[in-house]
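Student: This is the structure, below, for whatever I ask next.
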Amino acid sequence: MTTPDTVTGDALAGLRVLDVATLFAGPLAATLLGDHGADVIKIEHPRGGDPSRTHGVQRDGVGLWWKMLGRNKKSVTLNLSTSEGQELFRSLAADADVVIENFRPGTLERWGIGWDVLSELNPRLVLARVTGFGQFGPYSNRPGFGTLAEAMSGFAAITGEPDGPPTLPPFGLADGVAALTTAFGIMTALRARDTTGRGQVLDMAIIEPLLTLLGPQIIGYDQLGVLQQRTGNRSGNNAPRNTYRCADGQWVAVSTSAQSIAERVLHLVGRPDLAAQPWFASGRQRAEHADELDDAVGEWIGRRNRDEVIEEFEKAQAAVAPIYTAADVLEDPQFRALGSIVRIEDDELGPIRFQNVPFRLSETPGRVRTSGPPLGRHTAEVLARYGVDEARLEQLRAAGAV
């Protein structure tokens, strides 16, 4: 069992995490812990490793998503379906603070490394189990991916144009939200351990965190029978709220969640008459007049280039933002000021850039120390801690255990 070191810039220094998860919520939760100094050991199958290594775009056969997802981790190959691999895993878990896994419920138990075994070896262990539907219930043994959570949570039903189909996000939204929630759950369990001295199981069903983020949909239906409908880029709670095309073909997004901002926007675009209407004083009533408000705002924006639109909105203290691609993000001065993108030297690809730690702490800010390593880069280094010398390592490789 490790103990926290004196804080020297890494808040989670001394915390040991075994990342046995794949694609994508569990591994991203481990990444967030690693950003703050946790010793994250990424345990991967000897053949192929985490599928994120080959998921999405690649350069020279090297998966780029892995470089970000695998940052601040040590890669160890271990075949948990073999008795030797299971024995080694039990040794690692006995010395760990956290295990993150996303196998189907019952898999760890079948391998002899379930909670009953691990908690007896290490009563202070926190076991985070990340699955599509949780550890119990009628759907618990179904394959579970973020797409299914985006569908079942209600997200897809309210996303898209009114006359179009339910729309899924073009990225791992549910996995990302579940990763953030899992990291929070782990830290909560570790804080409880400070009081009780005992670890516990975190059961994270990917269908749940996104459900929470969808706000008042459940209570709205429960109390009023109201089901939110698809409104495209518009909001049912305020207007104008949309994306608008500028004269140069660029796009901006406008939000008027605050009444004062809505009034400033309408005065800016030369329509104080609309701001003077009785219905304008209520966000929901403004939403009922979205066509009229969008026409006014869209016509004004459509006669100006994006830079001019943003400049005039800023002068009026109204809320606007350019619609960016990744190329724009890399050049934006605000992201640059925040340090939102980090540049790091990678062993395989040379200098690379990707997202930095997603928040800043004044005393222990976290940092990206390494990018995702090649498969098995740290197997010998880590297993040496548990008495596996070079000769034994070769035997384990020959047996397919590492």
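Student: What nm distance separates the two modelled labels at residue 399 and residue 139, each placed 7 Å from Cα along Cα→Cβ?
Tutor: 4.1
Student: Let me know the longest stretch in the chain that avoids all chymotrypsin sites (Phe, Trp or Tyr not before Pro) found in a DSSP loop with at most 11 other C-beta atoms within 10 Å.
Tutor: Formally, the longest exposed-site-free interval is 172-358.
Student: When the dipole is taken about the Cα centre of the chain, and only Lys, Arg (+1) and Asp, Glu (-1) are charged at their Cβ, what size is it in debye, to the nearest 20?
Tutor: Dipole size: approximately 460 debye.
Student: Could you pull out every residue, at least 5 positions away or on a different chain, whose amide H is within less than 5 Å of the one on residue 45? Hs are placed 1.01 Å off N in the peptide plane, and Pro or chain starts have none.
Tutor: 50, 78
Student: Which angle between 0 and 90 degrees, to the nearest 10, do you get for helix 173-196 versus the longest principal axis of the chain when only C-alpha atoms count?
Tutor: Helix 173-196 sits roughly 60 degrees off the main axis of the chain.
Student: Between residue 282 and residue 223, what length comes free when the chain is fully extended (0.36 nm per residue of separation minus the Cα-Cα distance, one decimal in nm)?
Tutor: Roughly 19.1 nm would be gained on extension.
Student: Would you mind finding the longest exposed-site-free stretch of the chain, with exposed trypsin sites (Lys or Arg not before Pro) meaning DSSP loop and at most 13 other Cβ atoms within 10 Å?
Tutor: Answer - 48-197.
Student: Output the 0 to 90 degree angle, nearest 10, between the alpha-carbon long axis of helix 259-268 and the longest principal axis computed from the alpha carbons of the chain.
Tutor: Roughly 50 degrees between the two axes.
Student: To the nearest 500 deg cm²/dmol, what mean residue ellipticity at 222 nm is calculated for the chain from DSSP H runs of n ≥ 4 alone, each contributing -39,500 (n - 2.57), summed and divided by the residues?
Tutor: So the calculated ellipticity at 222 nm is -10500 deg cm²/dmol.
Student: Give me the Kirkwood hydrodynamic radius of region 215-289, using the inverse of the mean 1/r over all pairs of distinct Cα atoms, in Å to one decimal.
Tutor: 13.8
Student: If you line up the long axis of helix 83-94 against the longest principal axis of the chain, both from Cα atoms, how many degrees apart are they, to the nearest 10?
Tutor: Its long axis makes an angle of about 70 degrees.
Student: Where does the chain land on Rg(C-alpha)/(2.2 N^0.38 Å)?
Tutor: For the chain, the normalised Cα radius of gyration comes out at 1.17.
Student: Can you give the alpha-carbon Rg of region 249-383 over 2.2 N^0.38 Å, where N counts its residues?
Tutor: Rg over 2.2 N^0.38 Å, computed on Cα atoms: 1.58.
Student: Label 7 Å along Cα→Cβ of residue 312; region 257-290 residues with amide nitrogen under 12 Å?
Tutor: 265-271
Read the figures in this text as sums done on the coordinates, not as results from a lab. Treat the numbers as computed from the prediction; the structure is a model and nothing was measured. As a convention, Cβ positions derive from the backbone with ideal geometry for all residues, glycine included, and neighbour counts pool all protein chains shown.
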